[in-house]
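What follows is a short report on a single structure.
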Amino acid sequence: MNKLSRCLAVVLVLALTVTARADDWPSRPIVVLMGFPAGSGVDVVGRMLQPYLEKSLGQRIVLDYKPGAGGNVASEIVANAKPDGYTFLLGTAATHGVNPALYKKLPFDAESDFTPISTLVDVSNVLTVNPKVIDATSVKDFIAKVKANSGKYNYASTGNGTGTHLAFAEFNARAGLDMVHVPYKGGPDAIQSVVKGDTCCIFNQVQTILPQVSAGTVRLLGVTTKKRVPAIPDVPTIDEAGVPGYESYTWFGIFGPKGIDPTVAARFNLAIKAALSEPEIQKKLAELGNTVRYETLSQFKETVHRDRLKWAEVVKDVGAQVD
């Protein structure tokens, strides 16, 4: 066998090995890293989808929590993971849209270092107040009370530069409000600050605030999406309630590291599609204020690129920055 023949034989063996691995995928549990803590919106959606994805893939899904730096800790791990189809990230519009503009330097590129698999859901935020701190009954009433007490009220967020922070900052800018931003390490702490009265209010995901609504500790004034949320149909959009043109929402999605075999990426994408097509999961997600959102590999790639540009403008306008 001459040198050329030997090289061709090696290439053929490698190709057959890759094909065999793709055909065999998944042959062991799949790890999905979670960049936010237990109790967060990402956690709620991840745990809810877990059994449906396991059903679609015929393999166990392991949720591995690595919170920190607005999701960047988990993102970095996945960006540097072996692209064998067994390590993924449950990312968000914040991790792959906001963070690239918010952080001066990241140890990865939010686009080129990942393989976008599919979106999962669109998530609405809702303006939530503690009526014992600010007894507002509508968005217009809230705006009027804050304007009458400029600089007095503190609003909570799940962290500097997170979607909840930017949503409130943009709302304040549009409404001409002067409020004090108090960032917390994640949703549970931020919500508790409102419940305890340390802050007056928050823009938080519908799904994570519903338990407090049931307990009667908070009041909902307006959702951030263009349309009302079926889970809380009586709560108007902020656009219709007094701030025309206002809209802010986030999406959750699955990412793998760059270099994943296209066949594996396509299989996972179709498994997500199958999971999201289950009437039961659609009902469960809707009851928590989420809208199912499936996208093909190419559609999700375009979403990430488009949102990265959009959030760069928002971050610039708001002036948020994290070293």
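The values are calculated or read from the model by the stated rules, or taken from the named source; none is laboratory data. On a predicted model such as this, the values are computed, not experimentally measured, just so you know. For neighbour counting, all protein chains shown are included, and Cβ atoms are generated from backbone atoms with ideal geometry for every residue, glycine included. SASA here: full protein model, heavy atoms, side chains in, ligands and nucleic acids out. Shrake-Rupley method; radii C 1.70, N 1.55, O 1.52, S 1.80 Å.
Residue by residue, here is whether (1) open to solvent by 40 Å² or more (accessible area, probe 1.4 Å); (2) not basic (Lys, Arg) holds:
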| site | (1), (2) |
| --- | --- |
| Thr119 | no, yes |
| Lys145 | yes, no |
| Ala148 | yes, yes |
| Thr158 | no, yes |
| Ala167 | no, yes |
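Of the numbered conditions (1) outside any loop (DSSP other than H, G, I, E, B); (2) open to solvent by less than 10 Å² (accessible area, probe 1.4 Å), Val44 fails exactly one; give the number of that condition.
Tallying (1) outside any loop (DSSP other than H, G, I, E, B); (2) open to solvent by less than 10 Å² (accessible area, probe 1.4 Å), Val44 fails exactly one: (2).
Inside the stretch 114-210, counting only strands (runs of 3 or more DSSP E) that do not spill past its ends, which hold 3 or more residues that are over 26 Å from Leu49 (Cβ atoms)? Lay out the reasoning, then the answer.
Values: elements: 114-129, 154-157, 180-183, 201-205.
Here the list reads 154-157, 180-183.
From the list Asp178, Asp198, exactly one residue is open to solvent by 10 Å² or more (accessible area, probe 1.4 Å), closer than 17 Å to Gly319 by Cα, modelled with pLDDT of 90 or more and out of contact with any Leu (no Cβ under 8 Å at 6 or more places or on another chain). Which is it? Steps first, please.
Numbers: Asp198 fails: closer than 17 Å to Gly319 by Cα.
From the options Asp178, Asp198, the qualifying one is Asp178.
Counting only residues that are in a helix (DSSP H, G or I) and small (Gly, Ala, Ser), which one in the stretch 16-34 is modelled with the lowest pLDDT?
Keep residues of the stretch 16-34 that are in a helix (DSSP H, G or I), which gives 16-24.
If we keep only those that are small (Gly, Ala, Ser) too, we end up with 20, 22.
On the way: Ala20: 41, Ala22: 73.
Per the criteria, the residue is Ala20.
Quick check on my filter: what residues within the stretch 274-308 are open to solvent by 80 Å² or more (accessible area, probe 1.4 Å) and over 18 Å from the mean Cα position of the chain (by Cα)?
If the condition is that a residue be open to solvent by 80 Å² or more (accessible area, probe 1.4 Å) and over 18 Å from the mean Cα position of the chain (by Cα), then Pro279, Glu280, Lys283, Ser298 are the ones that fit.
So in the stretch 229-250, with the set limited to residues that are surrounded by fewer than 24 Cβ atoms within 10 Å (Cβ to Cβ) and under 15 Å from the mean Cα position of the chain (by Cα), which one is nearest to Leu297 (Cα to Cα)?
Looking at residues that are surrounded by fewer than 24 Cβ atoms within 10 Å (Cβ to Cβ) and under 15 Å from the mean Cα position of the chain (by Cα), I get Tyr249.
Determine, yes or no, whether Leu12 is farther than 22 Å from Ala81 by Cβ and either open to solvent by 60 Å² or more (accessible area, probe 1.4 Å) or modelled with pLDDT of 95 or more (or both). Lay out the reasoning, then the answer.
Working: farther than 22 Å from Ala81 by Cβ: yes; either open to solvent by 60 Å² or more (accessible area, probe 1.4 Å) or modelled with pLDDT of 95 or more (or both): yes.
When the stated conditions are applied, Leu12 passes them.
Would you mind finding the one in Gly85, Gly71 that is small (Gly, Ala, Ser), modelled with pLDDT of 85 or more, crowded, with 17+ Cβ neighbours inside 10 Å and under 14 Å from the mean Cα position of the chain (by Cα)? Break it down stepwise before answering.
Numbers: Gly85 fails: under 14 Å from the mean Cα position of the chain (by Cα).
On inspection, the qualifying residue turns out to be Gly71.
Give just the number: which of (1) touching a helix residue (DSSP H, G or I) at 6+ places or on another chain (Cβ under 7 Å); (2) open to solvent by 40 Å² or more (accessible area, probe 1.4 Å); (3) touching a residue at least 60 places away in the same chain (Cβ under 8 Å) does Ala110 not satisfy?
Answer for Ala110: the failing condition is (2).
Restricting to the stretch 152-200, give me the number of residues that are in contact with a Ser or Thr (Cβ under 6 Å, 6 or more places away or on another chain) and at positive phi.
Number satisfying all stated conditions: 1.
Among the listed residues Lys258, Lys226, identify the single one that is open to solvent by 20 Å² or more (accessible area, probe 1.4 Å), within 26 Å of Tyr294 (Cα to Cα) and modelled with pLDDT of 90 or more. If you could, list the steps in order and put the result at the bottom.
Working: Lys226 fails: modelled with pLDDT of 90 or more.
Answer to the check: Lys258.
Residues are listed down the side, and each one gets a yes or a no for (1) out of contact with any strand residue (DSSP E or B) (no Cβ under 9 Å at 6 or more places or on another chain); (2) within 30 Å of Ser75 (Cα to Cα):
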site: Thr217; (1), (2): yes, no
site: Val223; (1), (2): no, yes
site: Lys227; (1), (2): no, no
site: Asp234; (1), (2): no, no
site: Val243; (1), (2): no, no
site: Tyr249; (1), (2): no, yes
site: Gly253; (1), (2): no, yes
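Take the conditions touching a Gly at 6+ places or on another chain (Cβ under 9 Å), in contact (Cβ under 8 Å) with a residue 12 or more places away in the chain, farther than 18 Å from Arg293 by Cβ and surrounded by fewer than 18 Cβ atoms within 10 Å (Cβ to Cβ) and apply them to Gly39. Does it pass? Spell out the reasoning first.
Working: touching a Gly at 6+ places or on another chain (Cβ under 9 Å): yes; in contact (Cβ under 8 Å) with a residue 12 or more places away in the chain: yes; farther than 18 Å from Arg293 by Cβ: yes; surrounded by fewer than 18 Cβ atoms within 10 Å (Cβ to Cβ): yes.
Yes.
Here is a check on your reading of the model: is Leu90 in a helix (DSSP H, G or I), modelled with pLDDT of 95 or more and touching a strand residue (DSSP E or B) at 6+ places or on another chain (Cβ under 7 Å)? Talk me through it step by step, then tell me what you get.
On the way: in a helix (DSSP H, G or I): no; modelled with pLDDT of 95 or more: yes; touching a strand residue (DSSP E or B) at 6+ places or on another chain (Cβ under 7 Å): yes.
No.
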